[in-house]
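Here is the structure we will look at.
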Amino acid sequence: MATEALSVKGDKQGIKLIINATFSLTEILNELKAKLLQNPAFFEGAAIKLESNTLELLSKEEYDIITEYLQQSFQDISVSDYRQYAVVDSEEKEEVVPTKFMMGTIRSGQHLKYPGNLIILGDVNGGAQIEADGNICVMGVVRGTVHAGFAGDDRAFISCKRFEAPQAQIRIASLIVRAEQDDKTENTAGLEIAHIENETIVVFSKE
Amino acid sequence: MGRIITITSGKGGVGKTTATANIGAGLALMGKSVVLIDADIGLRNLDVVLGLENRIVFDIVDCVEGNCKLRSALIRDKRYEGLFLLPAAQTREKDAVTPEQMIQICTELKESFDYVLIDCPAGIEQGFKNALAGADAVLIVTTPEVSAVRDADRVIGLVESRGIEDVGLIINRVRPELIEQGDMLSVEDVCDILAIKLVGVIPNDDYIVISTNRGEPVVSIKESIAGQALGNITKRILGEEIPFLNLKVKPKGFFASLRELFSGK
């Protein structure tokens with residue numbers, strides 16, 4: 001299947017053209033031409049749906065070229081969406097944020113700054129400072145200052161085993177709060193997450 | 001080939017010098033040859049605690065500047081077989097010695113001694129860098145107070161960043177009755193925060209004050225509980241497995257309470 005640039009499948013809705021986008025556009029078009037010449041009657045008046053069977057996706061331009069070619073070849077053909085996510089993807093690219101792992105405890109006086117996500121496999125002790133443009137995930141206890149969304153991203157969050165009051169200070173984007181002693185909520189699962197809700201930093205613990 | 005151990009804390013007044021003097025004396029009592037280096041140039045204390053103040057002729061700066069041989073600056077403690085002190089200069093400052101010179105002294109002493117203990121000054125400046133320059137292992141002294149623990153944490157970070165992996169923790173001046181009341185950080189709390197190997201717990205003890213003022217190490221005072229704790233630390237440094245002292249407050253019996261009541265205490 002993956003060795004062909006294009007395969008044709010029919011179902012109740014119509015005809016599905018499954019495109020292997022790892023092939024170049026000319027290869028795909030040549031294959032399409034060959035398939036159309038083989039049995040032009042089959043395609044006449046059909047509803048054609050374009051799909052990709054690989055992780056590689058067609059760009060909007062490539063999709064337009066194929067659609068145009070199909071519409072030129074047949075009079076009353078209707079080409080429907082090349083699977084939606086491909087189109088969305090070309091407009092708003094899913095960005096891969098760099099992530100850094102730090103082994104061990106971050107101690108007083110140590111300053112970490114990273115333009116991505118930070119994962120700390122240890123505690124963040126009092127007097128330590130951590131700044132990340134993305135999210136911060138601390139596997140241990142936070143006693144120092146942690147700043148997620150340093151560059152201003154207010155969707156960033158900070159997770160840890162526990163924010164220790166009163167030393168810990170939580171910063172997300174441009175907001176700052178101190179950790180508070182809260183005896184009411186039981187942090188049994190050992191997970192606390194701080195994020196922004198209605199323009200304030202909220203910490204909730206998983207029970 | 002000897003082993004170089006630096007005793008440091010970050011914060012001042014937590015008992016670095018007392019610990020150095022006593023661990024040194026303890027190791028000497030166990031039959032090891034030990035040299036203690038006072039790295040606190042300008043504020044020397046180790047000689048006073050050991051009661052060797054009046055025997056100083058040459059000091060570490062004299063050695064470095066070539067005024068004397070290293071061997072002739074060493075003061076032999078007559079009470080402890082195999083215990084020597086390399087005193088600091090009192091009239092100079094920390095920058096009179098460089099880390100390279102410190103390493104040179106340490107490697108020279110390492111040849112002929114089993115242990116080289118360096119008493120580090122408070123702070124993380126020049127003196128600290130000197131004291132850490134040649135270290136194989138580090139002992140961190142702290143007290144169960146947030147300020148001392150915070151400074152210890154900072155120092156551990158600096159030590160680890162130099163690639164020294166053998167870092168032990170000594171918790172000094174522990175007061176079990178305060179811990180029981182919840183007014184003092186417990187040994188477990190401190191270990192939780194600092195996350196390094198615990199080498200010793202020294203309870204608060206009046207004998208320390210007495211022995212320091214007399215210039216006699218407390219390890220040789222049998223009745224002192226701090227002396228016992230320091231003796232245990234010495235043994236742990238030598239690789240023995242010694243359980244930690246039981247520092248739980250003993251519950252008072254009925255008769256003991258009665259006796260206390262009548263004696264008017």
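The values are calculated or read from the model by the stated rules, or taken from the named source; none is laboratory data. This is a predicted model, so every value here is computed, not measured. Cβ placement follows ideal geometry from the backbone for every residue including glycine, while neighbour counts extend to all protein chains displayed. Please note that ligands, DNA and RNA were not included when accessible areas were found on the heavy atoms of the full protein model with its side chains. Shrake-Rupley method; radii C 1.70, N 1.55, O 1.52, S 1.80 Å.
Do we find a residue being closer than 19 Å to B:Leu230 by Cβ, open to solvent by 10 Å² or more (accessible area, probe 1.4 Å) and either of a type outside the set (A, V, I, L, M, F, W, C) or in contact with an Asp or Glu (Cβ under 7 Å, 6 or more places away or on another chain) (or both) anywhere in segment B:85-107? Within segment B:85-107 (the criterion being closer than 19 Å to B:Leu230 by Cβ, open to solvent by 10 Å² or more (accessible area, probe 1.4 Å) and either of a type outside the set (A, V, I, L, M, F, W, C) or in contact with an Asp or Glu (Cβ under 7 Å, 6 or more places away or on another chain) (or both)), the answer is no, since none of the residues qualifies. Checking the stated criteria, B:Val201 turns out to be without any contact (Cβ under 8 Å) to a residue 60 or more places away in the chain, within 24 Å of B:Asp119 (Cβ to Cβ) and not in a helix (DSSP H, G or I).
Of the residues making up segment B:108-131, those that are more than 21 Å from the chain's Cα centre (by Cα) and open to solvent by 70 Å² or more (accessible area, probe 1.4 Å) are B:Glu108, B:Glu111. Annotation: of all residues in segment A:104-119 being in a strand (DSSP E or B) and farther than 18 Å from B:Val155 by Cα, the one that is farthest from the other protein chains (Cβ to nearest Cβ) is A:Asn117.
Look at (1) modelled with pLDDT under 80; (2) crowded, with 17+ Cβ neighbours inside 10 Å; (3) outside any loop (DSSP other than H, G, I, E, B) and you find that A:Leu36 fails only one, number (2). Of everything in segment B:195-227 that is over 29 Å from A:Gly126 (Cβ atoms) and of a type in the set (Gly, Ala, Ser), the residue that is most open to solvent (accessible area, probe 1.4 Å) is B:Ser220.
Within segment A:125-185, which strands (runs of 3 or more DSSP E) (wholly inside it) include 3 or more residues that are at positive phi?
Of the strands (runs of 3 or more DSSP E) lying wholly inside segment A:125-185, none has at least 3 residues that are at positive phi.
Here segment B:50-67 is the region considered, the condition is being outside any loop (DSSP other than H, G, I, E, B) and out of contact with any Pro (no Cβ under 8 Å at 6 or more places or on another chain), and the residue that is surrounded by the fewest Cβ atoms within 10 Å (Cβ to Cβ) is B:Asn54. Selection within segment B:177-189: residues that are hydrophobic (A, V, I, L, M, F, W, C) and more than 14 Å from chain A (Cβ to nearest Cβ). The member of this set that is nearest to B:Ile233 (Cα to Cα) is B:Val187. So, B:Thr234, is that one surrounded by 16 or more Cβ atoms within 10 Å (Cβ to Cβ) and over 25 Å from B:Leu178 (Cβ atoms) or not? For B:Thr234, the condition - surrounded by 16 or more Cβ atoms within 10 Å (Cβ to Cβ) and over 25 Å from B:Leu178 (Cβ atoms) - is met. Which count do you get for residues in segment B:145-176 that are open to solvent by less than 10 Å² (accessible area, probe 1.4 Å) and either more than 14 Å from every other protein chain (Cβ to nearest Cβ) or over 20 Å from B:Thr17 (Cβ atoms) (or both)? Adding up the residues that qualify gives 6. One residue stands out among those in segment A:120-171 that are in contact with a Phe, Trp or Tyr (Cβ under 7 Å, 6 or more places away or on another chain) and open to solvent by less than 10 Å² (accessible area, probe 1.4 Å): the one that is farthest from the other protein chains (Cβ to nearest Cβ), which is A:Ala148.
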